[in-house]
Amino acid sequence: MKLATLNDGTRDGKLVVVSKDLTRFTDVSHIAPTMRDALDNWADVKKHLQNADQGLMVGSVPSERFHEHEVMAPLPRAAQWADGSAYVNHVELVRKARGAEMPQSFWEDPLMYMGAADAMLGARDAIPAGDEDWGIDLEAEVGVVVDDVPLGISPQDAADKILLVTILNDISFRSLIPGELAKGFGFLQSKGPTAFSPVAVTPDELGDAWHDGKLHLPILVQLDGELFGKADAGVDMTFDFPTLIAHAAKTRKLSAGTIIGSGTVSNKLDGGPGKPVGEGGVGYSCLAEIRTIETINSGKPETPFLGFGDMVRIEMNDTDGRSIFGAIEQVVVKV
């Protein structure tokens, strides 16, 4: 089942079920007015939403043409937004570039930060920034939306709390990060608003690609129309999603509608750093990583961060080449 939030002019939009090929939708706001309502009452509404999905497939319910530019983020205002760093390869590289040794504990205990959950961006919303000197970067990730999660849940039990899967762009302002980290109190200004794919899907929609708490498909990144990355989200993921959920819930419960992010998808190559697509590698899911590798190899970065007018596109296809979540497509604009 694929769900989206249609932009109807309200803060939380209107819930719709979208066809598997992303061409049609049916209004399900009579079942649950918004995505938040659906998640708060998932046990009660799930079957009704599934019936609407089946009706959309066979043409027995009213439907309209689906346009990806007409939707908001699937969950415009989340209960919480907690982003992990499950691809420890990425963390290791970034620290190496600035001469910082990575603690062994990073391989055993996930990193995670709390982001802004109150104003998620839709897939076609611009990337807003005040200055190119902020070091504007994309971060292509996978995310999950969870049901109510009790405090202290185990990873084994956390797997059953995953209701929806999505992809996202966790926008970062890299030049602001060092100053904030030096304060010893985490990210705030250095993290921009997060953008999400047009639809979120139930795990069963992903078939064999969803197993072991991971999504085993490449996440495709284009910059200004050129392929920049195609790293497999199921490869080199040190911490699976149930582990990330359990980590977030160690000292607090998570409310339905909490989103947990994977962190930047990152693949190694032959045990070492990845390579650009043009050199036979799978490329990168953020600019910081290629800049890190350039710094390691030649002493300084060569690839610039994003500038005003640059276009970012993030998408994931199934094994038959069909888009699963629709595309995130954003232009960087000055605000």
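The values are calculated or read from the model by the stated rules, or taken from the named source; none is laboratory data. All values reported here derive from a predicted model rather than from experimental measurement. Cβ sites come from the backbone with ideal geometry, for glycine too, and all protein chains shown count toward neighbours. In case anyone asks, the SASA skips ligands and DNA or RNA and just uses the protein heavy atoms, side chains included. Shrake-Rupley method; radii C 1.70, N 1.55, O 1.52, S 1.80 Å.
Observations, loosely collected:
- Restricting the stretch 271-335 to GluC sites (Glu not before Pro) that sit in a DSSP loop and have at most 14 other Cβ atoms within 10 Å of their own Cβ leaves E302.
- Under the span-like rule (Cα at least 20 Å along the axis, Kyte-Doolittle mean at least 1.6), DSSP H helices of the chain: none
- Of G130, G186, G271, the one that fluctuates the most in a GNM where the chain has Cα springs shorter than 10 Å: G271
- In a reduced charge model with +1 at each Lys and Arg Cβ and -1 at each Asp and Glu Cβ, the stretch 175-334 shows a dipole moment near 840 debye about its Cα centre.
- Label-point gap, in nm, between D37 and N297 - each point 7 angstrom along Cα→Cβ: 5.3 nm
- Extending 7 Å from Cα along the Cβ direction at D133 and again at S154 yields two label points whose distance is 5.4 nm.
- For H30 and D204, the difference between the fully extended length at 0.36 nm per residue and the C-alpha to C-alpha distance is 60.2 nm.
- S323, S63, S266, ranked by accessible area, largest first (probe 1.4 Å): S63, S323, S266
- Dipole check for the stretch 4-86: with +1 at the C-beta of Lys and Arg, -1 at the C-beta of Asp and Glu, and the Cα centre as origin, the magnitude is about 100 Debye.
- Residues K47 and K20, FRET efficiency given R0 of 25 Å [Cβ-Cβ distance, rounded to 0.05]: 0.85
- Proportion of all alpha-carbon pairs of the stretch 217-310 beyond 20 Å (%): 47 percent
- Positive-end extreme of charge dipole, the chain - chosen from V144, A249, P155 (charges on Cβ): A249
- One entry in (1) 19.2, 62; (2) 18.4, 53; (3) 25.0, 81 is Rg and Dmax of the Cα atoms in Å calculated from the shown coordinates; its label is (1).
- Accessible-area value, K268, 1.4 Å probe, nucleic acids and ligands omitted, Å²: 80 Å²
- Only helical runs count toward this figure. For the chain, summing -39,500 (n - 2.57) over DSSP H runs of n ≥ 4 and dividing by all residues gives -5500 deg cm²/dmol at 222 nm.
- Peptides 187-193, 105-111 ordered by average Cβ neighbours within 10 Å, highest first: 187-193, 105-111
- Computed extension length for E226-E108: 38.9 nm, one decimal, from 0.36 nm per residue of separation with the Cα-Cα distance subtracted.
- Alpha-carbon centroid distance for the pair the stretch 164-214 / the stretch 36-89, whole angstrom: 18 Å
- Pairs of alpha carbons in the stretch 1-127 whose separation is greater than 17 Å (percent): 65 percent
- P(r) histogram, all alpha-carbon pairs of the stretch 88-145 included - 10 Å bins from 0, percent: 14, 37, 35, 14
- R95 accessible area, assembled protein chains, probe 1.4 Å, Å²: 50 Å²
- The rule of thumb for compact globular proteins, 2.2 N^0.38 Å, goes into the C-alpha radius of gyration of the stretch 135-266 1.10 times.
- GNM on the chain, alpha-carbon springs under 10 angstrom: the most fluctuating residue among M102, M72, M35 is M102.
- Largest accessible area first, the residues Y87, Y113 order themselves as Y113, Y87 under a 1.4 Å probe with ligands, DNA and RNA left out.
- Accessible surface, the chain, averaged per residue in Å² (probe 1.4 Å): 43 Å²
- Translational diffusion of the stretch 67-207 was estimated from the Stokes-Einstein equation, with Rh taken as the Kirkwood radius over Cα pairs; at 37 °C and 0.692 mPa s the coefficient is 195 µm²/s.
- Counting only Cβ charges, +1 for Lys and Arg and -1 for Asp and Glu, the dipole size of the chain around its Cα centre is about 480 debye.
- Along each principal axis, Cα extent of the stretch 151-190, largest first, Å: 39, 25, 11
- Atom-type composition of the exposed protein surface of the chain places 49 percent of the accessible area on carbon and sulfur (1.4 angstrom probe).
- Straightening the chain between Q189 and E64 buys 41.0 nm, computed as 0.36 nm per residue apart minus the Cα-Cα spacing.
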